[in-house]
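The values are calculated or read from the model by the stated rules, or taken from the named source; none is laboratory data. What you see is a predicted model; the values in this text were computed from it and never measured. For neighbour counting, all protein chains shown are included, and Cβ atoms are generated from backbone atoms with ideal geometry for every residue, glycine included. Side chains are part of the model used for accessible areas, which takes the heavy atoms of the whole protein and leaves out ligands, DNA and RNA. Shrake-Rupley method; radii C 1.70, N 1.55, O 1.52, S 1.80 Å.
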Amino acid sequence: MAERSTAAVDVADNSGEQPLTAQADQSTADGVVKNREQDTDSDAAQENTGTDGSRTTSPLELHSGHKLARRYRLEECVTRLDGFSSWRAVDEKLRRAVGVHILPADHSRARSVLASARASALLGDPRFVQVLDAVEENDVVYVVHEWLPDATELTTLLASGPLEVYDAYQMASQISSAMAAAHREGLAHLRLNPNAVLRTSTGQWRIRGLAVNAALRGIESDTPQRTDTESIGALLYAALTQRWPYESDAYGLSGLPKDIGLIPPDQVRAGVHRGLSELAMRALANDGATASRHESPCTTPEELVKAIGEMPRIRPPEPAFTTPPDYQRTTYQQGSYGRPAPGLGVTQPVPAPPPPLQSRTGKALKWAVSALLIAALGLGSWQLADALIGQGGSADDTNKTQTTDGNDKSPKKPKPAKPLTIQGAQEYVAKGSAQAPGDVDKTYDNDPSTYWRTKYYNDGPTLAPYKPGVGIVYDLGSAKEISTASIGLRYTGDHTAVHLYATDSLSPSTGIDGMKKIGSATTSGGSLEVKVSDSVKTQYVLLWITAVPNAPADGYSSAGYKQAITDLKFTG
């Protein structure tokens, strides 16, 4: 029987949810790192011999248009190496682009790839490109992951030059904290290079291939934390200098000159930020280099996060204001249109006003115009008074149906609410594992029969202390004012508590405490309306659930405290 595992399988962390049903293969944490620096995804590599020297099965005969599980249509092969292939594909069921790794089920690394993919899916951290499906069927193993069309590889960014100081600082900070979180869950990357680091259009940094990329290539390490920390140091070094910090060229970057060793980034290129240069050296110190000021080396991502926190904060550059265009400085308003501009140091003569009409004819005209104006005013006043007296009591009735000057000065009527279009969404994980990251788009697909659901918990209704909450961040496309959120719920009973927060991106840079709370509501029924109490414009909204009802067993989970969102609509 085919074995199938998806990112939506009902598992939980050890904080009160049900026990894990599948554990990660720990083979990625044992052994020795191989090809850490030189493995650059070359399609010219031997296809029948693995990077660890083991024999592999011949690659599958696949082509564009081939479908997996009658759902994933292969579009373009991006890597074919060591008996496996990686593709850009289309999920025809959800109509979105995805990435797919494919290898034969009898491949020597198939078991390890499946175990690593399942472990990565359970992490559910939005800073990593998410594993959506991990499947073995019909003698084929394939792993489906997110495809980010708006993201750019670090390799591509560095092709045009080093990163700006703030961008390099943000990359090191975000990548270090993400890897520290992964290692706390027992997961390592082991192949963290410029091809695996992406920057989204919102400026967030994401990591792809957690555990999976190393498993595909048979890469292992005795010291996985040290390996990933050194990789982060190499990424920062490359971002600051546009050079790879080893003698070999890699990832489109030139290596360092031979026989001089590892020199600090600020000695490779002028103007490099001194603090970031030292940080890169501390992460790379295990290869014989020493930090510029002899600080202790960073040997784990957690130590790197601490070192970054101790640095003076690097602020984003001030926005540049352009000089107003020349047409705004025209002298047309001064009555000099068409005249030549005066030279420097020349005083522009002030034109004298035209002389008044002094003739008898001019005086007569002025008196005639004045008389006509006085007559017109008198006639108008008489007609107005006559109309008011003639209509009498009917004036009150007219005011009931027509807008008067008094009504014009009254407060404006509120604008009618209009629906806001959701452009995208991503599950937000504050602690432990994700709930169902592959189903978030089912909350706004206008189909009440589909839903995103939480796992089930032994105690409730409040999720704490197991979790501070669970939820989804929604992208409205641009900053918009929100008035209400209408939420369809699958389960009734006890009470469901929902809060709305304005945040800065699909992958918020702060925790809940750093976000702006804009509304809260509770219900025991099957629907809920959250009214925004504070007017605010935001592009990203976090829907945060802190309490769930006790619900019976159903087709996907046992009885327990749980909730599911069937439909969500924002109005503004």
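Only residues that are open to solvent by 30 Å² or more (accessible area, probe 1.4 Å) and assigned to a strand (DSSP E or B) were counted in segment 500-525, giving 4.
Of all residues in segment 436-457 being in a loop (DSSP other than H, G, I, E, B) and touching a strand residue (DSSP E or B) at 6+ places or on another chain (Cβ under 6 Å), which is most open to solvent (accessible area, probe 1.4 Å)? Selected residue: P448.
Select from segment 186-239 the residues that are assigned to a loop (DSSP other than H, G, I, E, B) and among the basic types (K, R) and write down the one among them that is nearest to L256 (Cα to Cα). Top of the filtered list is R191. Exactly one residue out of K531, K569, K537, K562 is among the basic types (K, R), surrounded by 22 or more Cβ atoms within 10 Å (Cβ to Cβ) and either more than 16 Å from K480 (Cβ to Cβ) or under 27 Å from the mean Cα position of the chain (by Cα) (or both): that is K562.
Being open to solvent by 20 Å² or more (accessible area, probe 1.4 Å) and in contact with a Lys or Arg (Cβ under 6 Å, 6 or more places away or on another chain) is a property that holds for T484. Restricting attention to segment 147-162, the residues being assigned to a loop (DSSP other than H, G, I, E, B) and touching a Gly at 6+ places or on another chain (Cβ under 8 Å) number 2. Within segment 249-281, being exposed (fewer than 13 other Cβ atoms within 10 Å of the Cβ), of a type outside the set (A, V, I, L, M) and assigned to a loop (DSSP other than H, G, I, E, B) holds for P257, K258, D259, G261, G271. Here V536 meets the list (1) at positive phi; (2) free of Cβ contacts under 8 Å to residues at least 60 places away in the same chain; (3) not acidic (D, E) almost entirely, failing just condition (1). Residue count for segment 129-146 under the criterion of being in contact with a Pro (Cβ under 8 Å, 6 or more places away or on another chain), more than 26 Å from S108 (Cβ to Cβ) and in a strand (DSSP E or B): the result is 0.
Whether any residue in segment 228-247 is modelled with pLDDT under 95 and in contact with a strand residue (DSSP E or B) (Cβ under 6 Å, 6 or more places away or on another chain) is what I want to check. Yes, that holds for at least one residue.
This table checks each residue for (1) in contact with a His (Cβ under 9 Å, 6 or more places away or on another chain); (2) more than 21 Å from E76 (Cβ to Cβ); (3) open to solvent by less than 30 Å² (accessible area, probe 1.4 Å); (4) at pLDDT 95 or above.
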{"residue": "D139", "(1), (2), (3), (4)": "no, yes, no, no"}
{"residue": "V143", "(1), (2), (3), (4)": "yes, no, yes, yes"}
{"residue": "E146", "(1), (2), (3), (4)": "no, no, no, yes"}
{"residue": "A151", "(1), (2), (3), (4)": "no, no, yes, no"}
{"residue": "L158", "(1), (2), (3), (4)": "no, yes, yes, yes"}
{"residue": "V165", "(1), (2), (3), (4)": "yes, yes, no, yes"}
{"residue": "Y169", "(1), (2), (3), (4)": "yes, yes, yes, yes"}
{"residue": "S173", "(1), (2), (3), (4)": "no, yes, no, yes"}
{"residue": "S176", "(1), (2), (3), (4)": "no, yes, yes, yes"}
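Taking the conditions (1) touching a helix residue (DSSP H, G or I) at 6+ places or on another chain (Cβ under 9 Å); (2) of a type in the set (A, V, I, L, M, F, W, C); (3) at pLDDT 90 or above in turn, A434 satisfies each one other than (3). For segment 60-80, the criterion of being polar (S, T, N, Q), at pLDDT below 95 and surrounded by 15 or more Cβ atoms within 10 Å (Cβ to Cβ) is satisfied by at least one residue.
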